[in-house]
Amino acid sequence: MKMLPTYKGYLISLAAFCFLLSIIYRQNLLKCGGPGIPFLLSTSTPEQVSEIQQMVNRIYHQVDEKIPKLNITEKIKTTSAHHSRVSLKYPKDRYCVGDQLIVQVDVFDYLGKMKTYGGDYLRARMSTSDSGAASSGRIEDFNNGTYHVHFILFWEGTINITVFMMHPSEGASALWIYRNKWHGYVDHFGKFEAPQENTETVCGLDIDQSKELCDYKDERDEEHFYCIKPENFSCYALTYVKSWRRQDKTLLTNTEKSLFDRTNVRVEIPKDFHHIHVHQCNNRVSLINETCKIGTKLEYPSGYVLKDVWHPKGCNMLAYKTLDNLNKCFTNKFIYIFGDSTLRLWLLYFQRNVKTLTPFKHYDDNWARQLLILDVKKNVKISWKRHTFPFLTGSYQSFKEERTIAREIDLIGGDQRTVIIIHIGIHFRAYPIHYFIRRLYNIRRAIERLFIRSPETKVIIKTENTSSILIHFETISDFHASLHYFIMEIVFKDLNVGFVNGWDMTNAFDTNEIHPPEKVIENEVRMLMTYIC
């Protein structure tokens, strides 16, 4: 931690450079003028850039290449769900369980002209209503107005295919550009305390350097948090922090706002077929006997739901009616849960269903306080802790206990009794994506260090849930979560961890709530316990 001096002359020069750069590069994706400059803006050689920054840059560009950079002025030239079409690719007279099904999507604008570029945010699902079966489809973008949706025919019956236009490519482009352009969607405040007095000040991940700042820097992981230094207070006096989304702040133009009108979000694209009929062909029957284990890769689709029960692809999930049946598995387990409120629901689920677990109340008194439940007789400890900034909550949280997940993992010795569960996502959607990439990559490095000292420790990673899709698109849209999922695939590739694919499950269940109903939480937890037990 250190105090930063004032650099007015430097800022003036940098501001001039940013202005010239924005003329050259119209989208102004490279954020200038703050302490968290994410990308190389000079002729620096790769050898002069840290290994972490090189990885952040590389992954950022992989994501950036997926999204066309557009500047729309007329809605009629944007993608229209109603004018687009869904058709079967390679239709067959007979479909069997286990077959691959490809659906083609051709997108058109409001004038009926086929689009010449991709980037539309689509979501696909197949379902059979009478059996409650459903699964997701994987989208392949050919970047020319044509998409393929890849399904696996997991079950027998009459199957309905739905492909939704969540956001047109022009809307997705705006969300991407503005997300990475500024830090104005969230306000941060810190409370500094000293004997007999306290004061509040502005804080954040990126802040005006013309002020005298306190820099709470993690040198190793290259992460920053800043506060404007109050007069007569030491930087060490920062005690509490809070933050919340500013829904009144927007960069969207009126034309762009029209793309996120409720009538234009999650619109089903018409198809030129009704249903397909899938048969249990004799030569396609195969029994899966293997239980799901740590080390399987993150896939999409990763399974299907049938009568409210999740069935993973290629392996079996443990079946049980209550968590009381798993008391033997819980014995002598130390389970550390790090993440947001969606993982907090897991701990509360344990607490409700395993009657021998007793809550231990910490001294904080707000929803984001650390949670701990214990079973002293069976030597069980389960804890939940928030993933630290950015963590959006209007109530003050203790800054002295804030640690990133990477730092928390470093404090755990690990052994065959230890389970670490990790999730980050929705609290990062309102910030430039380089913060998410950096945090995720630092978590990977911490897991690698953990496996050196304790390869038998089990690590489980949960992907985001689908969420509400009708409000606050700039900061909450699932488009951001779809990019997070892509980044997770890159960062955690070939790592010996287990995945609970909340993104896939909640799409199959079609819940569209960041806090899904109990049936979804139960299946997420069952997948977790399959890995543990």
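3J(HN,Hα) couplings calculated from phi for the stretch 221-227 with the Karplus curve 6.51 cos²θ - 1.76 cosθ + 1.60 (θ = phi - 60°) are, in sequence order, 8, 6, 10, 10, 9, 10, 9 Hz; Gly and Pro show x. Across the stretch 132-281 the C-alpha pair distances fall into 10 Å bins from zero in the proportions 8, 23, 20, 17, 16, 11, 4, 1 percent. Rg ratio for the stretch 424-487: its Cα radius of gyration over 2.2 N^0.38 Å, N being its residue count, equals 1.33.
Summed over all non-identical Cα pairs, the Kirkwood treatment of the stretch 392-533 gives a radius of 16.3 Å.
With semi-axes defined as the square roots of five times the eigenvalues of the C-alpha gyration tensor, the equivalent ellipsoid of the stretch 324-398 measures 25, 12, 10 Å, largest first. Any idea what % of Cα-Cα pairs in the stretch 45-160 are farther than 23 Å? It works out to 49 percent of all Cα pairs.
Above 16 Å, the calculated P(r) of the stretch 391-463 contains 55 percent of its Cα-Cα pairs.
Note on the stretch 90-189: with neighbouring protein chains present and a 1.4 Å probe, carbon and sulfur make up 51 percent of its accessible heavy-atom surface.
Kirkwood radius and radius of gyration were both taken over the C-alpha atoms of the stretch 195-284, and their ratio Rg/Rh is 1.36. For the stretch 108-205, the alpha-carbon coordinates run over 71, 39, 20 Å along the three principal axes, in decreasing order. Here is the P(r) of the stretch 301-434: all C-alpha pair distances, binned every 10 Å from 0, give 10, 34, 35, 19, 2 in whole percents.
For the ranges 60-70, 423-433, 191-201, what's the packing order if you count other beta-carbon atoms within 10 Å of each residue, average per peptide, and put the highest first?
Going by the mean number of other Cβ atoms within 10 Å, highest first, we get 423-433, 60-70, 191-201.
Amide H contacts for Val500 (H built 1.01 Å from N in the peptide plane; partners 5 or more residues away or on another chain; cut-off under 5 Å): Ile461, Lys462, Thr463. With the simple spin-label model, which puts each label point 7 Å out from Cα in the Cβ direction, the Leu88 to Lys307 separation comes to 2.8 nm. For Lys115, the lysines whose Cα comes closer than 29 Å to its Cα, not counting residues fewer than 8 places off in the same chain, are Lys66, Lys69, Lys75, Lys77, Lys89, Lys92, Lys181, Lys257, Lys271.
Ranked by the mean number of other Cβ atoms within 10 Å per residue, highest first, peptides 254-263, 490-499 order as 490-499, 254-263.
Based on every Cα atom in the chain, Rg and the maximum pairwise Cα distance Dmax equal 24.4, 81 Å. Excluding ligands, DNA and RNA, the accessible surface per residue across the chain is 44 Å² with a 1.4 Å probe. When all alpha carbon pairs of the stretch 121-167 are counted in 5 Å bins from zero, the resulting P(r) reads 5, 21, 29, 20, 12, 8, 4, 0 %.
The values are calculated or read from the model by the stated rules, or taken from the named source; none is laboratory data. All of these numbers come straight from a predicted model, not from anything done at the bench. Counting neighbours? That spans all protein chains shown, and the Cβs are built from the backbone with ideal geometry, glycine included. Each accessible area value is taken on the protein alone, full model and side chains, heavy atoms only, with ligands, DNA and RNA left out. Shrake-Rupley method; radii C 1.70, N 1.55, O 1.52, S 1.80 Å.
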